[in-house]
Amino acid sequence: MEKILQLWEASGIYNISAGQVTMIAVGLFLLFLAIRKNFEPLLLVPIGFGGIMANIPEAGLAFSAVENAVHFAKPEVLQALAASLNITSVDPNEILHAYHGSNPSTHHAATMVAADSGYSNGMLYNFYSVAIASGVAPLLIFMGVGAMTDFGPLLANPKTLFLGAAAQFGIFATVLGAVGLSAMGIMDFTVQDAAAIGIIGGADGPTAIYVASMLAPQLLGAIAVAAYSYMALVPMIQPPIMRALTSESERKIAMHQLRHVSKTEKIMFPIALLILVALLLPDAAPLLGMFCFGNLMRECGVVDRLSDTAQNALINIVTIFLGLSVGSKLSADKFLDLNTLGILLLGIVAFGIGTAAGVLMAKLMNKLEGGNAINPLIGSAGVSAVPMAARVSNKIGLEANPQNFLLMHAMGPNVAGVIGSAVAAGVMIKFVG
Amino acid sequence: MDSLVSEGLNLMVYGMGFVFVFLTLLVFVTTMMSKLVNKFFPEPIVEQKAKASAPQAAANNDELLAVMTAAVHKYRK
């Protein structure tokens, strides 16, 4: 009988908390969105599944060794942990509090005590440390994106860089919105949190994760989920804004064909961009450095094998670990609060403002160039989200004028948006990091 | 609390300003780079294209059409 009781007390059903049930439901919902609705499945499948695994009771997959040791709360282990952290209380909550606030040497000592007692880091915790806390996974993804990006349309019409800049207004407007909500006492965000939330408006998953991991790791789960869900919703969020801000005749503007861009130009561009980053904004160097490196591998033509790996095998491997790591941050205590709702809300506002700013900038540029040179629809592609946003521009353009293919013209602002959001990320890290 | 808002405002003004300055410089650098490259390292293929006769251009179009159809087809999958 005693054995049966023991088994029962070690079971998931006995130990599960309401928060874990809710988070498993959230994970299942993400899987549903990914599998049935085809929302960014490459990321939401690993994120959703990671979220479910992180909330399995008693398994402690998303916790560090010390957190696991405290969870199982054997008196002698708690005593040893308290001693290593120089506190007298053996209350689990106080030990955890001391552990999170400890200096590196006592932190290390506590970890060793937990390891000696037979507790180890959860699998997802390890993935998170290696892939995201170190910054490696988002940067490798950026390298792969660089290797997939063709700067031809941008080089043929460099002015589209302005559209990529304008669309970043969404990021900064959202930062203001987030601190405004905190100032009014509705939410509780620091300026670092606000900056990390704003980056959702950059519509760039790896950039958002990179910035969040540096400025607001506790919000990373919500920010990543918001960023990827809204990227999947680009075809629904953008068109109404684009239609509202442009007139029928503006949408009909046909753009003339882009000039031919030579191979030398394409090779020189990532190098020129990297030099500019090095001179002006070293804080954006990790992101844009890897991006330029990936692009150079693509364009130089002598390392096709490396370029192929970066844009296929490697980016797939990294995506798996990135998704599972993000999932590990979907724990009930961090995800189920009002702030997450605020992040989801602010994220969509960021997207909307970015789209509007891009379209308005394109309208302005069109006016300056005589009113018949730039179709304002390509402005919305300034919010990265490559290549979805460019396809949306193309689609709305075709609705107005079936002969007008805007796809290549929209790719210019689209890749400019990637550069723009990476620059914005560098500025954020510099100012509030 | 006001300091938080003013921090946010600062971040917006400087951040947006910097993004624009950086990308404006990038426009100049890119334009210059393209001009220099096209002046000193013109692509030999461009000249050949200029000489190409009309039928060849039509053939090119067919090829382009085939490539695009294939690409669209692949994407639709």
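The values are calculated or read from the model by the stated rules, or taken from the named source; none is laboratory data. Because the structure is predicted, anything quoted here is derived from the model rather than measured. Using ideal geometry, Cβ is built from the backbone for each residue, glycine included, and neighbour counts are taken over all protein chains shown. The protein model used for the area step is the full one, side chains on, heavy atoms only, and it has no ligands, DNA or RNA in it. Shrake-Rupley method; radii C 1.70, N 1.55, O 1.52, S 1.80 Å.
Summed over both chains, the contact between A and B buries some 3400 Å² of accessible surface at a probe radius of 1.4 Å.
Averaged over the residues of peptide A:359-368, the number of Cβ atoms from other protein chains lying within 10 Å of each residue's Cβ is 0. Using C-alpha pairs under 8 Å with a sequence gap of at least 6, the mean separation divided by the residue count of region A:308-433 gives a relative contact order of 16 percent. Would region A:228-318 count as rounded, prolate or oblate if I go by the C-alpha gyration tensor, calling it rounded below 1.5 in a/c and otherwise prolate when a/b exceeds b/c, oblate otherwise? Verdict is prolate for region A:228-318. Averaged per residue, region A:36-175 has 42 square angstrom of accessible surface, using a 1.4 angstrom probe with ligands and nucleic acids left out. Within the listed set A:Glu76, A:Glu67, A:Glu265, the Gaussian network model of chain A (springs between alpha-carbon atoms below 10 Å) gives the highest mean-square fluctuation for A:Glu76. One compactness figure for the protein assembly as shown is 1.08, namely its Cα radius of gyration divided by 2.2 N^0.38 Å.
Over the C-alpha atoms of region A:316-382, the Rg to Rh ratio, Rh being the Kirkwood estimate, stands at 1.27.
With contacts taken as Cα pairs under 8 Å and at least 6 residues apart, region A:1-160 reaches a relative contact order of 19 percent. Helices assigned as whole DSSP H runs in chain A whose Cα atoms extend at least 30 Å along their own long axis and whose mean Kyte-Doolittle hydropathy is 1.0 or higher are found at A:338-368, A:407-432. Could you run the Debye sum over the Cα atoms of region A:1-67, one equal point scatterer each and no solvent, and tell me log10 of I(q)/I(0) at q = 0.27 Å⁻¹, two decimals? With no solvent term, the Cα-only Debye profile gives -1.06.
Of the cross-linked pairs A:Lys363/A:Lys430; A:Lys263/A:Lys363; A:Lys395/B:Lys74; A:Lys329/B:Lys74; A:Lys334/A:Lys430, those separated by over 28 Å at the C-alpha level are A:Lys363/A:Lys430; A:Lys263/A:Lys363; A:Lys329/B:Lys74. Highest mobility in the GNM of chain A, judged by mean-square fluctuation with C-alpha springs under 10 Å and restricted to A:Met255, A:Met184, A:Met242, is found for A:Met184.
Note: relative contact order over region A:172-245, using C-alpha pairs below 8 Å and six or more positions apart, is 24 percent. Per-residue shielding of A:266-278, expressed as the average number of other chain Cβ atoms within 10 Å of the residue Cβ, stands at 3. Modelled spin labels at B:Thr24 and A:Ser134, positioned 7 Å past Cα toward Cβ, are 4.1 nm from each other. Figure legend: label point modelled 7 angstrom from the Cα of A:Glu399 along Cα→Cβ; residues of region A:345-369 with amide N under 16 Å from it are A:356, A:359. Averaged over the residues of A:160-168, the number of partner chain Cβ atoms lying within 10 Å of the residue Cβ comes to 4.
Once you have a ≥ b ≥ c as the square roots of the Cα gyration tensor eigenvalues for region A:97-147, tell me rounded if a/c is under 1.5, and otherwise prolate or oblate according to whether a/b is larger than b/c. Note, shape of region A:97-147 comes out prolate.
All other residues whose Cβ lies under 14 angstrom from that of A:Ala244 are scored, Lys and Arg at +1 and Asp and Glu at -1, for a net of +1. Expressed as a fraction of 2.2 N^0.38 Å, the C-alpha radius of gyration for region A:1-147 is 1.27. As a fraction of the 1.4 Å probe accessible area of chain A, surface on carbon and sulfur atoms comes out at 66 percent. Which shape class, rounded, prolate or oblate, goes with region A:274-433 when its Cα gyration tensor gives a ≥ b ≥ c as root eigenvalues, a/c under 1.5 marks rounded, and past that a/b bigger than b/c marks prolate? In terms of gyration-tensor shape, oblate.
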